[in-house]
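**Student:** The structure under discussion is supplied below as structure tokens; questions concerning it will follow.
The values are calculated or read from the model by the stated rules, or taken from the named source; none is laboratory data. This is a predicted model, so every value here is computed, not measured. Ideal geometry is used to build each Cβ from the backbone, glycine not excepted, and the neighbour counts take in all protein chains shown.
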Amino acid sequence: MKHRKIGNVMTDDVVRIGSGASPEEVTELLARHRIGGLPVVDEDEKVIGVVSAADLHAASGARTAGQLMSRPAVTVRPQDSVVDAARTMARYGVERLPVIDEEDRLIGIVTRRDLLRVFLRPDHEIRAEVIDEVLVRALWLLPHAVDVTVTDGVVRLEGQLERHSEVPIAVRMAGQVDGVVAVVDRLTYRVEDARPGPVGRPVGGG
């Protein structure tokens, strides 16, 4: 199972500016669109930097967006996962990431708010995806073979699986669903097929 891709959550109508634009133009665009920053592109629509409100305050004497901007721009591609984008934002301390194609041209932008919409998914959506992707598609079970409850992103799996080896698969895949913050494992199994290791929980076990 794969995490949602940036191409599915990004905004493709991107406010951008050329490197020769004045600080006043940058300020006007930020205010008009109520955004905190925007990509700076060259004549081929390739991203060469990002300029933010903080850059405007920090760079005195700058006359163009090219002089104001932070470079190189931290970017992502549409096929990257939302998890990778979130890690990139945290690593570089940025609030937005321009999305570029194979030729480094600007095709979209993703913000921290866009990612939060994924990670803060409603519990009923998470539950439906766990049932469909994990139980039905991965383990070939009936939708109600395992009791799945989700509270504030915490998934609880309770019920009996056929084989011991299916338990860690179910737990791991449930944890990979976008929006899941933890998985509570209350699964049992009917047949012990796992290799020797830690003692498991057969049916009737504690």
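**Student:** Name every residue in the stretch 151-175 that is exposed (fewer than 15 other Cβ atoms within 10 Å of the Cβ) and either among the polar types (S, T, N, Q) or not in a helix (DSSP H, G or I) (or both), in order of residue number.
**Tutor:** Listed by number, the residues that qualify are 151, 152, 154, 158, 160, 162, 163.
**Student:** Can I ask one more? Please go through the stretch 68-101 and give me each residue that is out of contact with any Lys or Arg (no Cβ under 8 Å at 6 or more places or on another chain), of a type outside the set (A, V, I, L, M, F, W, C) and at pLDDT 95 or above, ordered by number.
**Tutor:** 75, 77, 98
**Student:** A further question follows. Does any residue of the stretch 188-204 turn out to be under 31 Å from the mean Cα position of the chain (by Cα) and at pLDDT 85 or above?
**Tutor:** Taking every residue of the stretch 188-204 in turn, none turns out to be under 31 Å from the mean Cα position of the chain (by Cα) and at pLDDT 85 or above.
**Student:** Residue 44 - would you say it is out of contact with any Pro (no Cβ under 9 Å at 6 or more places or on another chain) and either among the hydroxyl-bearing types (Ser, Thr, Tyr) or outside any loop (DSSP other than H, G, I, E, B) (or both)?
**Tutor:** No, not satisfied.
**Student:** With 123, 132, 185 as the choices, which residue is without any contact (Cβ under 8 Å) to a residue 12 or more places away in the chain and on the phi < 0 side of the Ramachandran plot?
**Tutor:** Checking each option against the conditions leaves just 132.
**Student:** What are the pairs, 6+ residues apart or on separate chains, where a residue within the stretch 162-182 that is without any contact (Cβ under 8 Å) to a residue 60 or more places away in the chain and among the small types (Gly, Ala, Ser) has its Cβ under 8 Å from a residue that is in a loop (DSSP other than H, G, I, E, B) and crowded, with 16+ Cβ neighbours inside 10 Å?
**Tutor:** 170/139; 170/146; 174/180; 182/153
**Student:** Would you point out which residue out of 41, 94, 51 is farther than 18 Å from residue 21 by Cα, assigned by TED's automatic domain parsing to the domain that holds residue 21 and touching a strand residue (DSSP E or B) at 6+ places or on another chain (Cβ under 9 Å)?
**Tutor:** Exactly one residue qualifies, and that residue is 94.
**Student:** Taking the conditions exactly as written (modelled with pLDDT of 95 or more and surrounded by fewer than 19 Cβ atoms within 10 Å (Cβ to Cβ)), does residue 143 satisfy them or not?
**Tutor:** no
**Student:** One residue is enough: does the stretch 126-143 have a residue meeting the conditions among the acidic types (Asp, Glu) and in the same structural domain as residue 70 (by TED's automatic domain parsing)?
**Tutor:** Within the stretch 126-143, none of the residues are among the acidic types (Asp, Glu) and in the same structural domain as residue 70 (by TED's automatic domain parsing).
**Student:** Quick check: is even one residue across the stretch 45-53 modelled with pLDDT under 95 and more than 21 Å from residue 100 (Cα to Cα)?
**Tutor:** Yes, there is a match, as at least one residue in the stretch 45-53 is modelled with pLDDT under 95 and more than 21 Å from residue 100 (Cα to Cα).
**Student:** Go through the stretch 1-39 residue by residue and tally those that are among the polar types (S, T, N, Q) and part of a helix (DSSP H, G or I).
**Tutor:** Residues meeting the conditions: 2.
**Student:** What is the one condition in (1) closer than 20 Å to residue 18 by Cα; (2) touching a residue at least 24 places away in the same chain (Cβ under 8 Å); (3) not polar (S, T, N, Q) that residue 80 does not satisfy?
**Tutor:** In the conditions (1) closer than 20 Å to residue 18 by Cα; (2) touching a residue at least 24 places away in the same chain (Cβ under 8 Å); (3) not polar (S, T, N, Q), residue 80 misses (1) alone.
**Student:** Continuing with the same structure: Looking at (1) closer than 30 Å to residue 14 by Cα; (2) without any contact (Cβ under 8 Å) to a residue 12 or more places away in the chain; (3) part of a loop (DSSP other than H, G, I, E, B); (4) not acidic (Asp, Glu), find the lone condition where residue 142 falls short.
**Tutor:** Result: residue 142 fails condition (1) only.
**Student:** Name every residue in the stretch 79-138 that is farther than 17 Å from residue 153 by Cα, of a type in the set (Gly, Ala, Ser) and assigned to a helix (DSSP H, G or I), in order of residue number.
**Tutor:** Correct list: 85, 86, 90, 138.
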